[in-house]
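Just below is one structure, and these are the notes that go with it.
The values are calculated or read from the model by the stated rules, or taken from the named source; none is laboratory data. Every value quoted in this text rests on a predicted model; they were computed, and no experiment measured them. Because the Cβ atoms are built from the backbone with ideal geometry, glycine has one as well, and the counts that use them run over all protein chains shown. Only protein heavy atoms, including side chains, enter the accessible area calculation; ligands, DNA and RNA are left aside. Shrake-Rupley method; radii C 1.70, N 1.55, O 1.52, S 1.80 Å.
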Amino acid sequence: MTFQPRMQNQIEGFSVVGGLRRRYWNGITADLWDVECASYAGGHYIARDPRLFILLDQRGRGRPAVKRTVREPGMPQDTDLSPISYVPADMDLWVDIKDVQSIRHLDIHFDVDAISRRLGDDLDPSLLREPKLLFADSRIVTLAQLIAAEIASSDPLHDLYGDGLALSLLIDVFKLAKAQPRKRGALAPWQLRRAKDFIEEHCLRNIRLEELAAITGLSQSHFSHSFKAATGVAPHDWQMTARLERAKDLLKSGRHMLTTVAAETGFADHAHFSRTFRKHTGLTPSQWKKAQCE
């Protein structure tokens, strides 16, 4: 299915040379633009899908100025020092261009769900929310130039060629490492990391299973099964371990009575704390604390 990018813009001072040249790949749309610029050109852009803007060439003594708000002075874009920008979905962007005669640039829009499926669900959604404007990377630029040449070609190669280049470019932009083999049915790395971080942060209170399922985009039963497949323990046991680690820190400090440690780490009473601590460590809290001082 062809992915149609959704973008709104208000622009002035541009004259497209040769018309829009566009290629569709699996979840990716790539546009190659050659434009001539008036003495002033620019505008406001907002896309409903994430995109990459890569400046390939420009003529003139000026530089485009890229900015997040209309009143900012803007940051200069340069083919050598700052040709690449990653723009998250729904992020406003303004561009002012003065004293530039012409520009060639590549726009790559992509469908998050389609790319996530292709990468095995290992694309952490938090990566997509952070803009990365005006940076340089020679490998990304080389891939962009190859993509542009393929789009401009009157005799394009097999679709797998352009598709592979475009997917490789996205992998490089987000610096996605080789996926580690994971156990059957286990959480994706980003899901496991998000769940562990949430448990660590909130371990001293009662964490509902539905909270963990929600932050990983799964049903409660799916999350519970997949978390255990990834860690070997149930979410509740993982939380209990995190809670006991907090208790150990308090015990080692030597500044708190056992009843205080029990209350601070969310246990109902001292007896409950002692039973749970002994079950997990083989020692009572007092015995464990004494052993640390020996």
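Here are some notes:
- Hz values of 3J(HN,Hα) by residue in segment 33-44 - Karplus curve (6.51, -1.76, 1.60), Gly and Pro given as x: 10, 10, 10, 9, 10, 6, 4, 10, 9, x, x, 10
- If you take the Cα centroid of segment 79-99 and the Cα centroid of segment 242-294, the two points sit 54 Å apart.
- Dipole-positive endmost among Pro235, Ala263, Trp288 within segment 227-294 (Cβ charges, Cα centre): Trp288
- Seen against the Cα atoms of the chain and their longest principal axis, helix 235-253 is set at about 70 degrees.
- Phi-based couplings in Hz for segment 255-265 (Karplus 6.51, -1.76, 1.60; Gly and Pro marked x): 9, 10, 6, 4, 5, 5, 4, 4, 5, 5, 9
- Selected from Lys252, Lys228, Lys67 as most flexible by GNM, with the chain as the system and alpha-carbon contacts under 10 Å: Lys252
- Pairs from the table (Lys228/Lys290; Lys132/Lys228; Lys67/Lys196; Lys228/Lys248) lying more than 31 angstrom apart at Cα are Lys228/Lys290; Lys132/Lys228; Lys67/Lys196.
- Counted residue by residue at 0.36 nm each, then reduced by the alpha carbon distance between them, the extension gain from Gln145 to Lys290 reaches 45.6 nm.
- The chain, accessible surface, carbon-and-sulfur percent (1.4 angstrom probe): 51 percent
- Estimated vicinal HN-Hα couplings, Hz - segment 272-286 in sequence order (Karplus 6.51, -1.76, 1.60; Gly, Pro = x): 5, 4, 5, 4, 5, 4, 5, 4, 8, 10, x, 10, 6, x, 5
- Dipole moment magnitude, nearest 20 debye, segment 157-294 about Cα centre, only Lys, Arg, Asp, Glu C-beta charged: 640 debye
- Among Met240, Met75, Met257, residue whose mean-square fluctuation peaks in a GNM of the chain (springs only between Cα atoms under 10 Å): Met257
- What the chain shows is 55 Å² of accessible area per residue, with the surface traced by a 1.4 Å probe over protein heavy atoms.
- Remark: the chain carries a charge dipole of roughly 1520 debye about the Cα centre, counting +1 on each Lys and Arg Cβ and -1 on each Asp and Glu Cβ.
- Computed from the Cβ-Cβ distance with R0 of 45 Å, the FRET efficiency linking Ala263 to Asp92 stands at 0.40.
- Relative contact order %, the chain, counting alpha carbon pairs below 8 Å whose residues are six or more apart: 14 percent
- Within the chain, helix-based [θ] at 222 nm, where runs of 4 or more DSSP H residues each add -39,500 (n - 2.57), nearest 500: -12500 deg cm²/dmol
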